Structures are given as structure tokens and as C-alpha cells.
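The values are calculated or read from the model by the stated rules, or taken from the named source; none is laboratory data. Every value quoted in this text rests on a predicted model; they were computed, and no experiment measured them. Cβ atoms come from the backbone with ideal geometry, glycine included; neighbour counts cover every protein chain shown. Areas reflect the complete protein model, heavy atoms only, side chains present, ligands, DNA and RNA absent. Shrake-Rupley method; radii C 1.70, N 1.55, O 1.52, S 1.80 Å.
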Amino acid sequence: MKYSFLIPVYNRPEEVDELLQSLTAQSFSDFEVIVVDDGSSLPCREVTERYAGRLDLHYHTKPNSGPGQTRNYAAERARGEYLLILDSDVIVPPGYLEAIEAELQREPCDAFGGPDRAHDSFTPMQKAINYAMTSFFTTGGIRGGRKKMDKFYPRSFNMGVRREVYQALDGFSRMRFGEDIDFSIRIFRGGYRCRLFPDAWVWHKRRTNLRKFFKQVHNSGIARINLYKKYPDSLKVVHLLPALFTLGTAVLLLGTPVCPYSPLPLVLYALLVCLDSAVQNRSLRIGLLSIAAAYVQLIGYGSGFWRAWWRRCVRGKAEFEAFKKNFYQ
């Protein structure tokens, strides 16, 4: 078998249904699907049973241990030459596997990943959040949108790796958040070849409201410091920008009583984001929502970064001791 899809899921049966439906439309058919419920209180067994006979589908359940360990559980049961790792909140286009096959035929590699997009059916807020996570003005284009990158670090929402490489690296670590970047770093350090497949993209639903989005990116900021403690050379200038933005925003707002024009840079940035998103999405409403999403993305990540820096770098706490409540609830 050529490909095995590994899909960890936690309390998201409706999303799994949409993902499995999209897999039935693949033009390339040499694959299996392994769905693992990670201690869900809302299991998706009934959803997977609907696809019996339509997909080579295997469903498993296990106690909750986080997404990384759940992917490892699925990988142990996979038969494919390549393991394709997807988050449960994505939908794949019909040509997804065909695009991967074409890239591997053109230039083989050990690991790969693709970008993400917003589907037309997504809500305006989901499209705004997608903009905040993929725009040059928010993330600098480091999430797979650019073809020319010195190194591309696949993320677990859309990642592929040869099974032999996965096994050689012992899969994902026990990190609860940032485990996909940790895995990508170990892929490079192991001397394996990793590439961006720009045409192997997915529709990625992400979070549905700003509160959930803030929690997600706040944990990403925490994970960046945890990765820095593990791999000091992994911290790049671009990773510091949200933290500097957060600090700068606080300084500008606190300076308002002294200088009424102090928040002007924040207003100009909001206008830039609104205009760019409105043009890209052809919607002024999404442009306006993107202002809130962009600020949540940057300040959420930045505040998590500063919080982790204080607890781990200044106070010297260990990873799990410092943030047990964030990742283990």
C-alpha cells in the first residue's frame, strides 16, 4: 500500500465526517485511513461505520494522551509506504493524493507538507482566522504559502513522512503542543530530506471563534519557548515578532494619556490588515473581522511567548510543571 492517512480526533465527529467524505472523492485510490479517537466523550465510531465499503477504513479508540501520541498509535497500525498526517478539521480536495504522487515521482523526499486554505463554505470568522494564520502581515508567510523557503517545517494539519523515517525517529515526542515542529526539527537533524508540496493543499477550518483561537495561538507561543529550551538554535527572528508586537502594543496604549497620537501605528496596521484581507476575500466584512483575528493571533502568541519565557527561562520551571493546566485538562 502506498499511503496511510493518520487522523487523530478528540470530540469532533462532524468534522471527521466531512474529512472522510472528501477522501472518498480522491482520484488516487491506493490508500488506507486510520482514525483514532483519543479518549473522546463524543466518539465518531458511528461516523466511520458509514464509510464501510467506501474506504479502507480502520477505527480505534484509546485513553486520552494528546495528538502526538495518538498519531504514534495510528502509525503502529499503518501499512502504507508513506504516512499522511491530517488534523480532523481539514477537508482535502479531490486532487490531493494525485498532487503528492506527482511531486514524489518528480523529486522523491523523506518528508513533506502542504499549505492550507479557506473553503468558500467557511464562516466569515473562519475566513478571517485563516487570513490571520496565513497572511504575510501576520505570520510572515512561514506556514507553507511560499515556494522559495530555506527550510520548510511541515505542520501536523498536513504532513507526510516515509514510514521508515517515522519509525527511525520514534514518531512524535510527548510534547503536548508544538510536537509537530519538534518532529520536523528532528527530521532535519536526522539528515532526511523535507520539501514543500505547494499543490498538496487542504481546506483547514481551524477555530470557530476568537476565544478558542486565542487559546490555540497562546499555547503556540508557549510551545515556541519549549522548543527553544530543547533546540536553542530553532528560535529565529520571525518567531520574536509577535512578542515584540505585543510589547509594542502595550507601550503604545499606555502612552495614550501622555500622547494622544500614540495608538496611531496600531490604527494604521489595522487599516492595512483590513484592506489586504478585504481584497483577498472580496469582502469588507471579512476584512473587518480580520483586524480582530490578526490582533488575537499576534497578541495571543506574543503573550504565550512572554509567559513561557518568564516561567521557563527566568524562573527555571520544567515544561510540564510550568504549563500542566494549559495542556492537560
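Scanning the stretch 130-174 for residues that are among the aliphatic types (A, V, I, L, M), surrounded by fewer than 18 Cβ atoms within 10 Å (Cβ to Cβ) and modelled with pLDDT under 95 returns Ile142, Met149. Taking each residue of the stretch 211-230 that is hydroxyl-bearing (Ser, Thr, Tyr) and looking for partners that are surrounded by fewer than 20 Cβ atoms within 10 Å (Cβ to Cβ) with beta-carbon atoms closer than 8 Å, six or more apart or interchain, yields Tyr228/Ser234; Tyr228/Leu235.
Out of all the residues in the stretch 226-266, which are in contact with a Gly (Cβ under 6 Å, 6 or more places away or on another chain), of a type in the set (Ser, Thr, Tyr) and closer than 30 Å to Tyr153 by Cβ? Result: Thr246, single match. Consider Asp116 carefully, then state whether it is buried (at least 20 other Cβ atoms within 10 Å of the Cβ) and either under 30 Å from Gly191 (Cα atoms) or modelled with pLDDT under 95 (or both). Judged against the criteria, Asp116 is a match.
Considering the stretch 175-203, the residues that are at pLDDT 95 or above, assigned to a loop (DSSP other than H, G, I, E, B) and among the hydrophobic types (A, V, I, L, M, F, W, C) include one that is nearest to the chain's Cα centre (by Cα), namely Trp201.
Scanning for something of a type in the set (D, E, K, R), free of Cβ contacts under 8 Å to residues at least 40 places away in the same chain and under 16 Å from Asp89 (Cα atoms), does the stretch 28-44 turn up at least one residue?
Yes, the stretch 28-44 has at least one match.
Just so you know, in the stretch 268-282 the residues that are of a type outside the set (A, V, I, L, M) and open to solvent by less than 100 Å² (accessible area, probe 1.4 Å) include one that is farthest from His119 (Cα to Cα), and it is Tyr269.
Screening Ala25, Ala74 for residues that are open to solvent by 30 Å² or more (accessible area, probe 1.4 Å), touching a residue at least 60 places away in the same chain (Cβ under 8 Å) and hydrophobic (A, V, I, L, M, F, W, C) leaves exactly one candidate, Ala25. Per this entry, Val16 is not counted among residues that are over 20 Å from Arg206 (Cβ atoms), in contact with a helix residue (DSSP H, G or I) (Cβ under 7 Å, 6 or more places away or on another chain) and surrounded by 16 or more Cβ atoms within 10 Å (Cβ to Cβ).
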